[in-house]
Amino acid sequence: MRTMKAEQLPLVLADSPKGGLGATPPNLLGGEASGMPIARGKELESPIPAEADASRLMERITSEINLQVALTKVVQNKGAPGVDGQSVKEVEADQEALVPLLRRELLAGIYQPGDVRRVWLPKPGGGQRGLGIPNVIDRWVQQAVLQVIEPIFEPTFHDSSHGFRRGRGAQTAIAQAQEHLKRGLTTIVDIDLAKFFDRVNHQRLLSRLAEKLQDKRVLALIGRMLKARVVMPDGTSVETEEGTPQGGPLSPLLSNVVLNELDWELEGRGLRFVRYADDCNIFVGSLRAGLRVMKGISHFLEKRLRLYVNTDKSAVREPGQVHFLGFRFEGNSEKGWRVHLSEKASQRIKKRLREMTPRTWGQPLERCLKELNTYIVGWGGYFRICAQEATESWKWIDSNLRRRVRAIVIRRKKSPRSLYRDLVRNGAREGPAAAVARSSRGIWHKSAQFGVHQAYGAIWFRERLKTLVGEWAKHNSPLLSAALGPQLTLGF
C-alpha cells in the first residue's frame with residue numbers, strides 16, 4: 001500500500017501550463033492563505049461540460065478547477081480516514097504539495113490507489129452491510145473522475161432510475177410509483193438484488209464504460225480502483241475480483257451504469273417500473289403477470305448481468321405489503337393511493353429515538369435536545385411526502401419522546417427535594433410537585449404524573465423540541481403550521 005503524503009514523494013512539479021497561475025500551486029480550498037471562502041452546505045455544479053473532447057478526459061480530470069471542486073466536496077463530506085490513517089484535515093493542509101503530484105501521476109498513468117478499509121454496518125432488517133472506505137486522497141481522485149464522467153453518462157440513464165442522480169431521490173421515486181398505481185398497475189414485482197455492490201462484474205462494467213469513455217487512461221484508472229485490495233477489520237488483506245465497494249464517491253455512478261442495462265431491458269419489454277439503486281419495483285396488472293415478470297427478469301439478471309435476486313426479500317406483492325425506501329401505499333384505484341410510513345421505518349425511528357434518550361444521559365440536556373432536533377428535521381424532510389392521515393400514528397411517537405425527555409430530567413435530580421424544587425421552579429403547583437417527589441414509583445411512572453406535566457408541558461417543549469407532526473406540517477401546510485404551531489405539541 002502506498003501512502004501519498006507530500007513529504008514521502010519526490011517533489012517533481014509539473015511545469016505551469018500557458019495561461020496558468022505559475023509554478024506554485026494555488027491554495028485550492030481557500031482559507032487565510034488565499035482569502036477564497038470554501039463553499040459549504042450546497043451542491044456544487046460540475047465545472048466540466050459533457051460535450052468536451054472525450055479523448056482527453058484525463059486532462060479535464062486533472063484541471064485545476066476540477067481538482068478544486070473535488071477536494072472541496074471531499075472536505076465537506078468529511079468522513080473517516082482510510083487505511084493510511086490520513087484525515088481529511090491532513091490532506092487539506094497538504095493540498096499545495098499534493099495537487100502537482102496528483103496531476104503528474106494521473107496524467108502519466110502511474111497513480112496507484114491505496115487499499116480500501118472495510119467496515120461492517122448493521123442493516124435495519126438484520127445482517128450487515130459492507131462499507132469500503134478509501135483513503136482520503138483516493139476519494140479526492142474518485143470525486144474528480146466523477147465530476148467529469150457523470151455528465152457523459154447522465155443523459156443515457158432511464159427516467160425511472162432515481163438513485164444517486166441530481167434532482168432525483170426517494171420522493172421522485174415514490175411519486176412515480178403513485179402514478180403507476182393510479183393507472184391500475186396495482187401488483188408490484190418487488191426485486192431486491194443480493195449483495196449487489198459486492199457482485200458487480202468488473203469486465204462487464206468496464207465494457208459499458210468504454211462505450212462512452214474514449215480516454216483509455218481513465219478506464220485504466222477506474223480498473224485499478226475496482227481492483228484495490230480490501231483490508232478487513234481483522235487486518236487481513238483480500239484481493240478484489242468483483243464488486244464496487246460502497247463508500248467511495250464513484251460507486252453510485254458505477255452502480256447506475258451497471259443497472260442501466262436492466263432499466264432499458266424493462267423498457268423494451270413494455271414494463272412500468274421504479275428503481276432506486278439495487279431496489280426495483282415493477283408494476284403490472286395481475287398476480288399472473290407479476291409471477292411471469294419475476295421469472296423472466298430473474299433469468300435476465302443472472303444470465304446477462306451475472307447478478308442474483310435476493311429470494312428472501314423479493315416477491316410479487318400488493319401495494320400495502322411493499323417496503324420501498326421506507327414507504328408503503330394504502331388505498332385503491334377509486335379513492336387514490338396514499339403514501340404511508342412503512343412498518344420497518346416506523347420501528348426504526350422508534351428505536352433510534354430510544355437510543356438517543358437514555359435515562360442515564362450524562363451530558364447537558366440542551367445537547368440531547370439539539371441532537372434530537374437535528375434528527376427530527378432530517379427525518380421530517382425525508383418523509384414529508386406521507387399523507388396527512390399517516391401522521392396520526394406519529395403523534396404517539398412525539399408524545400413518547402417527550403415522556404422520555406421528562407424521564408431524563410427526573411433521573412438527573414438526585415433527591416426528592418431537588419426534584420420538588422425543580423418542578424416548582426418550572427411552574428408546577430406545590431401539591432402535585434410534592435406528590436411526584438414523594439412517590440416511590442419508578443422514573444417512568446413519575447414521568448407521566450400531573451406535577452411533571454405542569455412543569456414540563458406543551459409550552460416548555462414547544463420552545464425546545466421539534467415534533468414529527470410539526471415538521472410534516474411545515475413542508476405540507478406552512479400557513480397551518482404557523483397558525484397552529486403551539487397546538488402541534490399538545491398532549492402527553
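The values are calculated or read from the model by the stated rules, or taken from the named source; none is laboratory data. Note that the structure is predicted; figures quoted are calculated from it, not measured. Cβ atoms come from the backbone with ideal geometry, glycine included; neighbour counts cover every protein chain shown. Each accessible area value is taken on the protein alone, full model and side chains, heavy atoms only, with ligands, DNA and RNA left out. Shrake-Rupley method; radii C 1.70, N 1.55, O 1.52, S 1.80 Å.
So how much slack lies between residue 207 and residue 464, counting 0.36 nm per residue of separation and subtracting their Cα-Cα distance, in nm? Before the final figure, lay out the partial values.
On the way: separation 257, 0.36 × 257 = 92.52 nm, distance 5.50 nm.
Working it through step by step, the gained length comes to 87.0 nm.
For every other residue with a beta carbon closer than 15 angstrom to the beta carbon of residue 181, add +1 if it is Lys or Arg and -1 if Asp or Glu, then tell me the sum.
Numbers: positive: 182, 183, 272, 317, 328, 335, 338; negative: 179, 190, 318, 330, 334.
Net of charged neighbours comes to +2.
Rolling a 1.4 Å sphere over the protein heavy atoms, what is the accessible area per residue of the chain, to the nearest Å²?
Working: 24190 Å² over 492 residues.
Normalised by residue count, the accessible surface of the chain is 49 Å².
Work out the charge dipole of the chain with +1 on the Cβ of Lys and Arg and -1 on the Cβ of Asp and Glu about the Cα centre, then indicate which of 400, 175, 325 is farthest towards its positive end.
It is 400, whose Cα lies furthest towards the positive end.
Could you tell me which of 341, 293, 409 has its Cα farthest along the dipole of the chain towards the positive end, charges placed at Cβ (Lys, Arg +1; Asp, Glu -1), taken about the Cα centre?
Of the options given, the answer is 409.
Using helices alone, what [θ] at 222 nm do you get for the chain, with -39,500 (n - 2.57) per DSSP H run of 4 or more residues, divided over all residues and rounded to the nearest 500?
So the calculated ellipticity at 222 nm is -14000 deg cm²/dmol.
Dipole size in debye (nearest 20) for region 254-338 around its Cα centre, Lys and Arg Cβ +1, Asp and Glu Cβ -1?
On the way: 14 positive and 11 negative charges, 49 e Å.
It works out to roughly 240 debye.
Could you give me D for region 350-399, from Stokes-Einstein at 10 °C and 1.306 mPa s, where the hydrodynamic radius is the Kirkwood radius over C-alpha pairs? Units µm² s⁻¹, please. All intermediate terms of the calculation are to be shown ahead of the outcome.
Working: Rh = 12.2 Å.
Using the Kirkwood radius from Cα pairs, D works out to 130 µm²/s.
Work out, step by step, the length gained on full extension between residue 360 and residue 334: first 0.36 nm times the residue separation, then minus their alpha carbon distance; give nm to one decimal. Could the numbers behind the result be given before it?
Numbers: separation 26, 0.36 × 26 = 9.36 nm, distance 5.08 nm.
Separation in residues times 0.36 nm, less the Cα-Cα distance, equals 4.3 nm.
What is region 98-192 by shape, rounded, prolate or oblate, if you read a ≥ b ≥ c off the alpha carbon gyration tensor as root eigenvalues and call it rounded for a/c under 1.5, prolate for a/b larger than b/c, and oblate otherwise? Don't skip to the answer; put the middle values down first.
On the way: a/c = 3.93, a/b = 1.76, b/c = 2.23.
Cα axes put region 98-192 in the oblate bin.
Show me the three semi-axes of the equivalent ellipsoid for region 172-263, from the C-alpha gyration tensor (sqrt of 5 times each eigenvalue), largest first, rounded to whole Å.
Numbers: eigenvalues 202, 69, 22 Å².
Square roots of five times the eigenvalues give 32, 19, 11 Å.
What translational diffusion coefficient, to the nearest whole µm²/s, does the chain have by Stokes-Einstein, given a Kirkwood radius computed over alpha-carbon pairs, a temperature of 25 °C and 0.890 mPa s viscosity?
Values: Rh = 26.1 Å.
After rounding, the answer is 94 µm²/s.
Taking all protein chains together and a probe of 1.4 Å, list 103, 354 from the most accessible to the least accessible. Write down the numbers at each step before the final one.
Working: 103 50, 354 115 Å².
Highest to lowest solvent-accessible surface, that is 354, 103.
Quick check for region 314-432: number of Lys pairs with alpha-carbon distance under 22 Å, counting only pairs 8 or more apart or on different chains?
Values: 344/395; 350/370; 350/395; 351/370; 351/395; 370/395; 370/413.
Summing the qualifying lysine pairs gives 7.
Given a 1.4 Å probe and every protein chain left where it sits, what share in percent of the accessible area of the chain is carbon and sulfur? The partial results should precede the final answer.
On the way: 12370 of 24190 Å².
Ligands and nucleic acids excluded, carbon and sulfur give 51 percent.
How big is the dipole moment of the chain about its Cα centre under a simple scheme where the beta carbon of each Lys and Arg is +1, that of each Asp and Glu is -1, and everything else is neutral? Debye, nearest 20, please. Numbers along the way, then the final one.
Values: 76 positive and 52 negative charges, 567 e Å.
The dipole magnitude comes to about 2720 debye.
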